[in-house]
Amino acid sequence: MDSSGISLRYVLDDQYTSSSGAKFPVKWSPPEVFNFCKYSSKSDVWSFGVLMWEAFTEGRMPFEQSHNHEVVTLITQGHRLYRPKMATPTIYDIMQRCWHERPEERPSFSKICIMISDALDSDAAPPN
C-alpha cells in the first residue's frame, strides 16, 4: 500500500501483481487470478466481459446465487454466465470470448472495440 492506504499493482511485461496480496473480486476474476494471482490485460478483458454482462442484465450480480468458493469451482469446471435477454447472440459471443479459459485466446481491448462496433453496425436498422 502507498501512503494513502491504496493497494498498488506493479506492471511488468503486461502482467501486474498486487503489492500486498490484496483481496480481489472473485466473481469478476478469471482462473489465472484466483489460482495463481496472475494479472494481465487479458485478466482485465475477462472482467470487462463480466461488466458487459452486468450492463445487459441491468446491473444483476454475477453468479448471484453462488458464494465465492462455488464460483471458483464453477469457472474451473468451464461454467460461464448465461446470455442476458437483452444481449444479442453476437454480443454474448463477445462476452464468451472474453471468458476463454486461456488468457492468450481472449481478444485484446482493441479487438473488442472492433467486434462491438461491427455488432452495432450489423444490428442497426437499414436506411429507408
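List of remarks:
- Cα gyration tensor, segment 26-122 - rounded (a/c under 1.5), prolate or oblate: oblate
- Taken along the Cα-to-beta-carbon direction at a fixed 7 Å, the label points for Leu74 and Asn35 span 1.9 nm.
- DSSP-assigned coil residues among trypsin sites (Lys or Arg not before Pro) in segment 32-86, each with at most 13 further Cβ atoms within 10 Å: Arg60, Lys85
- FRET efficiency, 1/(1 + (r/R0)^6) with R0 22 Å, evaluated for Ser110 and Met61 via beta carbons: 0.15
- Most to least packed among 28-34, 114-120 [average Cβ atoms within 10 Å]: 28-34, 114-120
Taken together, the values in this text are just the output of simple stated rules run on the coordinates, not laboratory data. Here the structure is a predicted model, which is why all the values come from computation and not from measurement. With ideal geometry, Cβ positions are generated from the backbone for all residues, glycine too; neighbour counts draw on all protein chains shown.
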